[in-house]
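I have placed the structure first, in the form of structure tokens, so that the comments after it can refer back to it.
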Amino acid sequence: MASPDVHVRICEQEILKYDLEIKALIQDISDCTGPQSKLTELNSKVKESFHNLRLRIQDLEQMGMEQDKESDKQALFSQVEGHRKQMLSNQTVWRRANLASKLSIDNLEKEALLKGADNSVRQRKMTKEGLAQTSSNITESLMSISRMMAQQVQQSEETMTTLATSSRTVQETNEEFKAMTGTIQLGRKLITKYNRRELTDKLLIFLALALFLATVLYILKKRLFPFL
């Protein structure tokens, strides 16, 4: 009997698990305020849990039929009856929670529609006022742009005047640079010419000095060594 007792305990635990799942889902349905898709999803989960619970109750009933002792059989049948009553009670609570949730969602949707209508009226009023304000803002913006363009034109004229003055100054400076370049080239030629003349003068002085020394040596030779 050990093995059947284990199966019975496992079945009882699964029945308890599905019962708790159903109660939790029913509470979620009671708290649901929309949208309708969420309520539909919760109801699908409840139906699935009821299906699993019904199957496990049938399994438990089948185990009761397979019991050898009449007392064990009656005990399991009693548990099966209790679980079915609990399941019926959960189904009643589920239907009530569904009705309450649907009523709440409908009321919220009606309030949303009424608020939407009021908002639409206010929005149309605000739109007219907004259009008038927008038109005024556009006019002010165009006037501001016109003033800015006038300022830009004036600045452009001043810039052109400054550029013309700068161009004349650059041209005059360029002519001065050309004159200075000619003067520098002339100075370079004169320096080169003076350098050449200095070299020639040095060479002539060297030759004159050499001739002078040769003459002195010749005179000394004749007086000091006449016999040579």
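Figures for the structure shown
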quantity: Residues located in region 72-93, provided they are open to solvent by less than 40 Å² (accessible area, probe 1.4 Å), among the hydrophobic types (A, V, I, L, M, F, W, C) and closer than 14 Å to K23 by Cα; calculated: M87
quantity: Members of region 32-50 found to be touching a residue at least 40 places away in the same chain (Cβ under 8 Å) and in a helix (DSSP H, G or I), listed by number; calculated: Q36, L39, N43, V46, F50
quantity: Cross-chain or 6+ apart pairs with Cβ under 8 Å, region 64-86 first and without any contact (Cβ under 8 Å) to a residue 40 or more places away in the chain, then open to solvent by less than 80 Å² (accessible area, probe 1.4 Å) and β-branched (V, I, T); calculated: G64/V80; V80/I57; R84/I57
quantity: Looking only at region 31-46, and only at residues there that are open to solvent by less than 60 Å² (accessible area, probe 1.4 Å) and under 16 Å from N90 (Cα atoms), the one that is farthest from the chain's Cα centre (by Cα); calculated: V46
quantity: Residue pairs meeting the criteria (Cβ under 9 Å; at least 6 apart or on separate chains; first at pLDDT 80 or above, in region 103-127; second surrounded by 10 or more Cβ atoms within 10 Å (Cβ to Cβ) and assigned to a helix (DSSP H, G or I)); calculated: I105/Q36; I105/L39; E109/Q36
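The values are calculated or read from the model by the stated rules, or taken from the named source; none is laboratory data. All values derive from a computational prediction rather than experimental measurement. Heads up, the Cβs are rebuilt from the backbone with ideal geometry, glycines too, and the neighbour counts pull from every protein chain shown. Surface areas here come from the heavy atoms of the whole protein model, side chains and all, with no ligands, DNA or RNA. Shrake-Rupley method; radii C 1.70, N 1.55, O 1.52, S 1.80 Å.
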